[in-house]
Structure formats: C-alpha cells, structure tokens
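Undergrad: Once you've had a glance at the structure underneath, I'll fire off some questions.
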Amino acid sequence: MQNQTKLNRKSSAFILGALTLSMAFVGAVHAADKPMGPPWDAPSSASSKKNPVSADKASLRKGKKLYKAACLPCHGATGKGNGAAAVALPIHPGNLTDSKRMSGQSDGAIFWKMSEGRGPMPPFKASFSDTDRWNILNYIRTLAK
Ligand code: HEC
C-alpha cells in the first residue's frame, strides 16, 4: 500500500515535470501572441541620464552573462520576448530586437526601465550595481537588428 502511494507520487511528479517542460516549449513558440502592455515611458529626468560605461568588450561580456542569467527567461536568447517563462506572463515582454523602438529610447530610459521594472517585470536596481545595469544595457543595444 505504501509502495503504491510512493509510485503514484513519483509518477505524478513526472507528469507535472513533463507538463511544465512542454508548456515551456509551447511558450517559446507562442509568447509572441501575448498583448503588449500599455505605453511605458521613462520620466525625462531618467531619460536624460548619460551612460557612464563604454560599450567595450569587457562591458559587453559582463552584460551578456547577466542578461543570460536574469533576462533571458522572459526576453529570450535573442531578445524577441519569447523566453520560456514568457508563457506565464499576462503581457508580452517587449521586443528588444526592434531597432525602431529601441533607438527611439535613450540609454537612460532603458536603464531606468530595467532598474524600476513594471508589472511582471521585476526591478533590478537592488540586484545589480549601477555599473552592471549599464553593462546589461550595453549588451541589450547589440540585440537590435
Ligand atoms: C519575469 C519576466 C521578465 C524578466 C526576468 C525580465 N523582464 Fe524585462 N520585461 C518583462 C515584461 C513583461 C515587460 C513589459 C512590461 C510592461 O510593458 O509593463 C518587460 C519590459 C522590458 C523593457 C522595456 C521594453 C520596451 O520596449 O520599452 C526592457 C528594456 C526590459 N524589459 C529589460 C529587461 C532586462 C535588462 C532584464 C534583465 C535584467 C529583464 N528585462 C528581465 C518581463 C521580464
């Protein structure tokens, strides 16, 4: 009887795992169908902030590493907003490869957005130093095509 319970618990854990995994795959494909959030503009005091970190090799390397760890789950490997976790979000994470949208925003504006977050997007000002957030910004800039 006890063995039976153990077996059931094991197999339901397996089923749950398989389900989560397949949802993640479906998410990677269908996250693009999510609606965009309402317009999100940074305050002008934030937008006018200058980027003090030059986008050299070391900065981009650090930024990429942090992006992969903290942003890729939602924003996806290429920045299209189709990360595996995006399926669970009510809105699209936004397309960081959209050069028109990205070039229309100053470094300061994007830095502010990643610092403050909004809705399902967490704020990162407490998790990463200013320098590391600028490193991430420098890396994000390379994603826009
Ligand atoms: C839990 C999922 C999630 C994670 C993790 C996440 N984001 Fe986001 N991000 C979002 C969502 C959702 C939005 C859209 C928010 C809105 O419109 O209200 C967004 C929006 C943005 C925007 C604004 C895009 C635009 O077009 O204005 C930027 C920039 C951004 N994220 C950068 C990052 C960076 C950098 C990281 C990692 C440090 C990160 N995000 C981590 C979900 C996430």
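Undergrad: Test of understanding: among L72, L96, which residue is within 15 Å of I140 (Cα to Cα), free of Cβ contacts under 8 Å to residues at least 24 places away in the same chain and touching a Gly at 6+ places or on another chain (Cβ under 6 Å)?
TA: Going through L72, L96 in turn, the sole match is L72.
Undergrad: If you take the residues in segment 118-136 that are near the ligand (Cβ under 7 Å from one of its atoms) and touching a Lys or Arg at 6+ places or on another chain (Cβ under 9 Å), which one is nearest to G79 (Cα to Cα)?
TA: Filtering first and then ranking leaves I136.
Undergrad: Moving to a separate point now. Six or more apart or on different chains, Cβ under 8 Å: which pairs go from a residue in segment 104-125 that's over 17 Å from G63 (Cβ atoms) to one that's among the aromatic types (F, W, Y) and outside any helix (DSSP H, G or I)? Could you list them?
TA: Between residues of segment 104-125 that are over 17 Å from G63 (Cβ atoms) and residues that are among the aromatic types (F, W, Y) and outside any helix (DSSP H, G or I), the close pairs are G117/F124; R118/W40.
Undergrad: For segment 107-135, what are the residues that are aliphatic (A, V, I, L, M) and within 18 Å of A86 (Cβ to Cβ)? Talk me through it step by step, then tell me what you get.
TA: Our first condition is that a residue be aliphatic (A, V, I, L, M); within segment 107-135, this holds for 109-110, 114, 121, 126.
Residues satisfying the conditions are M114, M121.
Undergrad: Restricting attention to segment 103-116, report how many residues are more than 7 Å from the ligand (Cβ to nearest atom) and either within 20 Å of P35 (Cα to Cα) or loosely packed, with under 14 Cβ neighbours inside 10 Å (or both).
TA: Final tally of qualifying residues: 2.
Undergrad: Next question. Looking at (1) buried (at least 18 other Cβ atoms within 10 Å of the Cβ); (2) more than 8 Å from the ligand (Cβ to nearest atom), find the lone condition where H92 falls short.
TA: Failing condition for H92: (2).
Undergrad: More than 11 Å from the ligand (Cβ to nearest atom), outside any loop (DSSP other than H, G, I, E, B) and not aromatic (F, W, Y): does that describe S59?
TA: When the stated conditions are applied, S59 passes them.
Undergrad: Quickly run through segment 68-89 and pick out the residues that are closer than 21 Å to W134 by Cβ, within 8 Å of the ligand (Cβ to nearest atom) and not in a helix (DSSP H, G or I).
TA: If the condition is that a residue be closer than 21 Å to W134 by Cβ, within 8 Å of the ligand (Cβ to nearest atom) and not in a helix (DSSP H, G or I), then C71 is the only one that fits.
Undergrad: Also, I was wondering about something else. Residue check: is P123 surrounded by 21 or more Cβ atoms within 10 Å (Cβ to Cβ) and part of a loop (DSSP other than H, G, I, E, B)?
TA: No: the conditions fail for P123.
Undergrad: Could you figure out which of (1) modelled with pLDDT under 95; (2) out of contact with any His (no Cβ under 6 Å at 6 or more places or on another chain); (3) not small (G, A, S) isn't true of D56?
TA: (1)
Undergrad: If I ask for residues that are in contact (Cβ under 8 Å) with a residue 24 or more places away in the chain, of a type outside the set (F, W, Y), crowded, with 19+ Cβ neighbours inside 10 Å and not in a loop (DSSP other than H, G, I, E, B), which ones from segment 126-145 would you list?
TA: N135, I136, L137, N138, I140
The values are calculated or read from the model by the stated rules, or taken from the named source; none is laboratory data. The structure presented is a predicted model; accordingly, all values stated were derived computationally and were not measured. Methodologically, a virtual Cβ is constructed for each residue, glycine included, from the backbone with ideal geometry; neighbour enumeration extends over all protein chains shown.
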